[in-house]
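Read the structure below first, then the notes.
Every number here is computed from the coordinates shown, using simple stated rules; none is lab data. None of these values were measured; they are calculated from a predicted model. Cβ placement follows ideal geometry from the backbone for every residue including glycine, while neighbour counts extend to all protein chains displayed.
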Amino acid sequence: MGQVIRLGTRGSRLALWQTEHVAARLRELRPGVRFETIVISTVADRQQEKALADFGETGLFTTALEDALRDGSVDLAVHSLKDLPTECPAGLVVAAVLARVDPADVLVSRERRSLATLPSGACVGTSSPRRKAQLLLARPDLQVIDLRGNIDTRLRKAFDEQGPYDAVIIARAALERLGRLDALSDVLPEDLMLPAPGQGALAVECRDDEASLELVRGLDDLATHVETCAERSFLDALGGGCAVPVAARGRLDDGRLRLKGRACAPDGSVGIDVALDVALPCDDGARQRAEEAGRSLAEEALVQGAARLLDAEDSSGRGE
């Protein structure tokens, strides 16, 4: 019957698409192996009416998958990299990061409005503190209200004429993967909305043993892995996860890493932008040097007051 490898995943349509994409790549690399999908429910999936900020913990979308890896229920776990905490649990490793698609955030509006044409006081839905803070930094006249649910649910809420949302913010990558780019009404530029560290990339996590690592060898896209290592290192050095308004975008091109980072007050009243441009050949030591670059950029942000911003209470009342 041959070897059977179990891939753990969340159960949303997007998560299943992502897992099948990884499985298809693995079948090309390992034609004698059969890959089976195992759906695992996470705490955030089970409590979709609860705001993400109210959980007060990291790994909301990933811990259950990591538990299944550790107890042997699955052999590999497929994640959206932006959902993974910056530190892997003992005995586990991010073994591969696939080439990412455009990590931009986009606006979806039932009236096909752009961000510039949304009227003052319009209600925009997002559950991301990063998106909320940057949106209010650019448009303090808007109202931001919480939005949970998978991509299909969020699109349905966005187009509900009786609902509270004039627009919602979604990752372009999610719409692309589900064939719903027709839904977007505006692509938000990076100078306004810098993406989450790792956004647009898929990660494969496994047990830190030679058999597991060998299984995914050849799946990794080194350039994407290097870029996202820098982004996630920036986030980690600022002490953050998906519950803090930190954004980063790295680009590796022609032997240089160009990294932008942003930290915002939760209420969007202040933002700190930092950037670096360093030589970084794409070789075996590139990931470690990228992590060092991310930490260096975070130190610059801290010097400019990022810690004070990230520790601030969102007391403005805007968007609640």
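Restricting the count to DSSP beta bridges whose residues both fall in the chain, what percent are antiparallel, rounded to a multiple of 5? Can you show the working numbers first?
Working: 33 of 47 bridges.
Around 70 percent antiparallel, to the nearest 5.
Between Val78, Ser120, Leu98, the Cα set farthest toward the positive side of the dipole of segment 76-126 (charges on each charged residue's Cβ, about the Cα centre) is that of Ser120.
Which of Asp283, Asp186, Asp152 moves the most in a Gaussian network model of the chain with Cα springs under 10 Å? Looking only at Asp283, Asp186, Asp152, the largest GNM fluctuation is found for Asp283.
Dipole size of the chain about its Cα centre, with +1 on Lys/Arg Cβ and -1 on Asp/Glu Cβ: approximately 760 debye, rounded to the nearest 20.
A simple charge model with +1 on the Cβ of Lys and Arg, -1 on the Cβ of Asp and Glu and nothing else charged puts the dipole of segment 173-247 at about 200 debye relative to its Cα centre. Take 190-200, 253-263 and order them by the average number of nearby Cβ atoms within 10 Å per residue, most first; the result is 190-200, 253-263. Which one of Thr19, Thr63, Thr153 has the biggest mean-square fluctuation once the chain is modelled by GNM with Cα springs under 10 Å? For the chain, modelled as a Gaussian network with Cα springs under 10 Å, the answer is Thr153.
Along its first, second and third principal axes, ordered by size, segment 179-320 spans 51, 41, 32 Å in Cα coordinates. Applying both filters, DSSP loop and at most 10 other Cβ atoms within 10 Å, to the trypsin sites (Lys or Arg not before Pro) of segment 91-196 eliminates every site. Look at the dipole of segment 131-228 built from charges on Cβ: of Val144, Val226, Val216, the Cα furthest out on the positive end belongs to Val144.
Magnitude of the charge dipole for segment 83-156, about its Cα centre and with charges confined to Cβ atoms of Lys, Arg (+1) and Asp, Glu (-1), is about 260 debye.
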